[in-house]
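To start, the structure under review is shown below, and the notes come after it.
The values are calculated or read from the model by the stated rules, or taken from the named source; none is laboratory data. Because the structure is predicted, anything quoted here is derived from the model rather than measured. Glycine gets a Cβ as well: all are built from the backbone with ideal geometry, and neighbour counts include every protein chain shown. These area figures cover heavy atoms from the full protein model, side chains too; ligands, DNA and RNA do not enter into them. Shrake-Rupley method; radii C 1.70, N 1.55, O 1.52, S 1.80 Å.
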Amino acid sequence: MAIIHQAELHPTKLELLNGWLPHQPWFTAAGAALRRVGSFRFDDPEGEVGIETILVADRSSVFQVPLSYRGSALHGAESYLIGTMQHSVLGTRWVYDACGDPCYLKAVAAAMLTGRPQAEQFLDVDGRLEAMPESVVVGSTGPLHTAVPGIGSLAVRSTDAGTVVRTGEMELLVIRRLNLAEQPVGTAALTGTWAGQQTPVKLAAVTVR
């Protein structure tokens, strides 16, 4: 379960991304006005890390940006730091490209390999939790396993289309520039749908060696 606070953010998430995205090899919309398409979250079993994937779009492309939010800096992840923001409820939050955060990698692998569902989101309204509708709905292509291999040291490589992460026995592909017309194929993949995109789109895939 993800609890969303009614809070002010400085800078906002989109402001952070507007400064970071143009430097990524898979981002082709430099200078274009971006809009937020939707987002989804995964749970951190420890309840410490926020894990949110945001979809943003320009006129012709949709980009996937997984983020992790932490209350302190993640040791050894300096190259994945997008920036910090002030959250009016939670204080300073360190915002990372989640492809370099083991917490996200465990969560997305669990979604693909074991079918762990996305986190239900609730808005905290003066201490009362109100269920929020999902703007992006994700699922696994299966087949489902009983466990996720452990996360070891990370080898992360980004290309003009996505990010490949090798860790332990797993290789994960996070697709950054989404192909909205291609039917998802293969097993152990994460797919998503959202308003105006009812045909599932492939978001990520994992292989286990």
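Can you confirm whether the stretch 186-206 contains a residue that is farther than 21 Å from Ser61 by Cα, of a type in the set (Val, Ile, Thr) and in contact with a strand residue (DSSP E or B) (Cβ under 7 Å, 6 or more places away or on another chain)? Quick ask: steps written out before the conclusion?
Filtering the stretch 186-206 for residues farther than 21 Å from Ser61 by Cα gives 186-188, 206.
Still in the running and of a type in the set (Val, Ile, Thr): 187, 206.
Subsequent filtering for residues that are in contact with a strand residue (DSSP E or B) (Cβ under 7 Å, 6 or more places away or on another chain) retains 206.
Within the stretch 186-206, one or more residues are farther than 21 Å from Ser61 by Cα, of a type in the set (Val, Ile, Thr) and in contact with a strand residue (DSSP E or B) (Cβ under 7 Å, 6 or more places away or on another chain).
Looking at the stretch 122-138 only, could you name the residues that are buried (at least 17 other Cβ atoms within 10 Å of the Cβ) and either of a type outside the set (Asp, Glu) or in contact with a Pro (Cβ under 7 Å, 6 or more places away or on another chain) (or both)?
Narrowing the stretch 122-138 to residues buried (at least 17 other Cβ atoms within 10 Å of the Cβ): 134, 136, 138.
The answer is Val136, Val138.
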All positions within the stretch 151-209 that are open to solvent by 50 Å² or more (accessible area, probe 1.4 Å), in a loop (DSSP other than H, G, I, E, B) and in contact with a Phe, Trp or Tyr (Cβ under 6 Å, 6 or more places away or on another chain):
Asp160
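When only residues in the stretch 87-131 that are hydroxyl-bearing (Ser, Thr, Tyr) and assigned to a loop (DSSP other than H, G, I, E, B) count, which is nearest to the chain's Cα centre (by Cα)? Break it down stepwise before answering.
In the first step, residues of the stretch 87-131 are kept if they are hydroxyl-bearing (Ser, Thr, Tyr); the result is 88, 92, 96, 104, 114.
If we keep only those that are assigned to a loop (DSSP other than H, G, I, E, B) too, we end up with 88, 114.
Details: Ser88: 22, Thr114: 18 Å.
Looking at residues that are hydroxyl-bearing (Ser, Thr, Tyr) and assigned to a loop (DSSP other than H, G, I, E, B), I get Thr114.
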Val89: passes all of (1) open to solvent by 30 Å² or more (accessible area, probe 1.4 Å); (2) of a type outside the set (Asp, Glu); (3) under 30 Å from Glu182 (Cα atoms); (4) touching a residue at least 40 places away in the same chain (Cβ under 8 Å) but (3)
For residues that are within 25 Å of Asn179 (Cα to Cα), of a type in the set (Ser, Thr, Tyr) and assigned to a strand (DSSP E or B), tally how many sit in the stretch 50-86.
2
Considering only the stretch 21-40, how many residues are in contact (Cβ under 8 Å) with a residue 40 or more places away in the chain, under 25 Å from Leu74 (Cα atoms) and either touching a Gly at 6+ places or on another chain (Cβ under 6 Å) or open to solvent by 30 Å² or more (accessible area, probe 1.4 Å) (or both)?
2
